[in-house]
Structures are given as C-alpha cells and as structure tokens.
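Dropping a structure here in structure tokens format, bear with me for questions.
None of the figures in this text is laboratory data; all of them are computed from the coordinates on show. Since this is a predicted model, take the numbers as computed values, not measurements. Glycine gets a Cβ as well: all are built from the backbone with ideal geometry, and neighbour counts include every protein chain shown.
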Amino acid sequence: MAQKKRIFSGIQPSGDLHLGNWLGAIKNWVSLQDEYECVYCVVDYHAITIPYEADDLRRRTINAVIDLLACGVDPDKSKLFVQSHVPQHTELAWVLACYTSLGDLERMTQFKDKASQHSQHVNAGLFTYPILQAADIAIYRADAVPVGEDQLQHLELAREIVRRFNGRMGGGREILPEAQAIVRAGARVMGLDGDAKMSKSKNNYIGIMEEKDAIWKKLAPAKTDEKRLRKTDPGNPEDCNIWSLHKLFADSEETLDWVRTGCTGASIGCVDCKRRLLENIDAEIAPIRERRKEFAGDMPRVTKILADSAAWCRDEAEITMREVRQALGVR
Ligand code: TRP
C-alpha cells in the first residue's frame, strides 16, 4: 500500500469552539483522517503572543484537546498533541527565523490586525508568529496543511522560508519539504449578528458544546430579514442570516423547501423558522456534547492520548532536527 501523505494542522486554544470552527475547520480535520496521516496540534505557544493569564491558558488548552476528541479527532488514527510538549517546534523556529525576511513578516495581515487590536502589547513574538507556524509544519515534514483562507498568507510564507533554508543549506537537497495548502471548501459561517464572521471575539457565536436551551437564548433574538416586521409580511431568505444557517444545518431538502416557501409566503414566522433551525443544529452537535462529557470525565485517558502523541511527535521531530542541525553545522 502506498504510504499516506502526511498533513499537519494547528488550532489556537482560544476558548470554547463554536459552530464556525466546527464547520470551517474541525469537521474537515475529522474527515481527512482516513485519507491522510494526520498530525493535529493545539498551539499553546502561539497563544502567548497576546496578553493572557497562565491558569486560563492551561484551562483553554486542555479544553481544546477535549473538544477536538469530542468532535471526532480519533487518537487511533491521528496524532493529537499540545505544541509545548514537543520542544523541537521552538528550536526549529529559531533556526527558521534566520531564514525569514523582516519585509515578509511586515506584510502579514494577521500581524497587522492583531497589532492594532493589542496596540499596547505588540511584542516580537506576535511578529514572528508565522515563523513558529512554519516550524510546526516543517518539523513533521508535512506534505499538506488544511487551512482556511485566512491562513493562506502564512502558508505561503512558510513555503518561502523553507525554500530559502533549503536553498542556502540543503546543498541541492530539500531538507524540509514545502507543504501544500489544502483550502477547505468555504463554509464561512456568519455570526448571529449577521454582520461578521462567527467569532469568539465578536461574541456572535453559538458554542459547539452549548445545551439546547442556551442555544435558543441566542437564536431567539438573532437578526433576520429586517424588512419582515410581522409574521404576515413575506420575507426574503436571501436577506436573512438564519437562512444561511439553515443551509449549513438542514437535515433534508424538505426542510429547506419548508423554510423557503414558508418565509416567502408568510405561512411561517421567524420563530417557527428558528425553532426548526434549533432542532437541526442540536441534532448535529448533541452527540458531540455527549462525547465531550465522556472525555471530560476521564482525564487519565485524555492525558494518556496527549502523552502518546507527544512521544511520537518528539521522535519524529528529532529526526528532522538532526538533519537540520547537521546542515547548519551546529553539531
Ligand atoms: N495560525 C493558525 C490559526 O490562527 C494556527 C496554526 C498554528 C496553524 N500553527 C499552524 C495552522 C500550522 C496550520 C498549520 O488558525
């Protein structure tokens, strides 16, 4: 059997996962597990580039791990580990920093955005963040990286950095491979405000672990077609954010027909429409919520999964680092 290609991807431990993360990234991670050898990482060292509390980071990191397991990242198929448990990531990051141009880093839009959000705390780590990301990928010699559109610029830079390293130190050899991006087919989930992408920071999200009544509290007041003032007014689904969520969560064509006809013909109200959405969202995420309770109630198992993956990752990373150190002339 031909060897499976290897993919690497990372996620920040930014707090509770929401439907945007689920549809935009995690579901994809889960479905890639059979076709590829997957290495998935919770990137805690990336998270320290903005102000935070230590206890909070610890909690967010373990929560992210449990969330991923609950979502279906399967430790029998894939590696799932925490970045700081494998020190070679930061070792390689230093090396790659010496093959990264300042001008390239300055062009990164994520840096510019974050630097303006945290203008009192712009540290060098925030600036060199993409170098650590390049190291994450290269240390496992990954062939490909599933990412969202927003990470394409970092991916391109990662390729540029290893190209420069190989060019200078490889002696004609590709010591570190240039990983391809796998851009996931764009499930861009809008927030409940209907104004911006669903995100933790905008507080316009539905958490993937939220109970049904909590989801309803958020869904009930969520924005719909603003021109539809009364139940008797016909609505236009294309102007309604709830419709865009229906399209992502509908269990069948019939549901979509029911919403479309009911809304445009004013035979259903927005509350009916949202209730149906609630049922479908809950049907998708209830099993995840249940699995989460199982993992959260069995921390020894979670710790063992992390330890086993990290052990494998350290061995694999050390193979790369030996070659890199050799090429650099530091050993
Ligand atoms: N920067 C990525 C994000 O914010 C997270 C990340 C870190 C990552 N290292 C990575 C993604 C390596 C892909 C590959 O989403």
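Considering only 244, 229, 261, whose Cα is most displaced toward the positive end of the charge dipole of segment 226-296, charges sitting on Cβ of Lys, Arg (+1) and Asp, Glu (-1)?
229
Continuing with this model, one more query. What does the charge count around residue 104 come to, taking other residues whose C-beta lies under 14 Å from its C-beta (Lys +1, Arg +1, Asp -1, Glu -1)? Walk me through the numbers before you get to the answer.
Details: positive: 107, 112, 159, 163, 164; negative: 106, 156, 160.
Surrounding charge for residue 104 is +2.
Related question: Based on a Kirkwood Rh over C-alpha pairs, give the Stokes-Einstein translational diffusion coefficient of the chain at 4 °C and viscosity 1.567 mPa s in µm²/s.
60
Taking the Cβ of residue 63 as the center, what net charge do the other residues with Cβ under 10 Å away carry, scoring Lys and Arg +1 and Asp and Glu -1?
Summing Lys/Arg as +1 and Asp/Glu as -1 gives +2.
In addition: Counting only DSSP beta bridges with both residues in the chain, what percent are antiparallel, rounded to the nearest 5?
Values: 2 of 17 bridges.
The answer is about 10 percent antiparallel.
A follow-up question, please. So who's got an amide H within less than 5 Å of the one on residue 182, skipping anything under 5 residues away but keeping other chains? H placed 1.01 Å off N, in plane.
145, 147
When the helix-only estimate is applied to the chain (DSSP H runs of n ≥ 4, each -39,500 (n - 2.57), divided by the residue count), what is the mean residue ellipticity at 222 nm, nearest 500 deg cm²/dmol?
-16500 deg cm²/dmol, from helical runs alone.
Please name whichever of 126, 151, 201 sits farthest to the positive end of the charge dipole of the chain, dipole taken about the Cα centre and charges placed at Cβ: Lys and Arg +1, Asp and Glu -1.
Going by the Cα projections, it comes out as 126.
In terms of modelled amide H atoms, which long-range or inter-chain residues lie less than 5 Å from the amide H of residue 197?
Distant-sequence amide H within range of residue 197: 191.
Okay, moving on. Which lysines, on any chain, are close to residue 197 with Cα under 26 Å apart, when same-chain ones fewer than 8 places away are left out?
Partners within reach: 27, 112, 114, 212, 217, 218, 223, 227, 247, 274.
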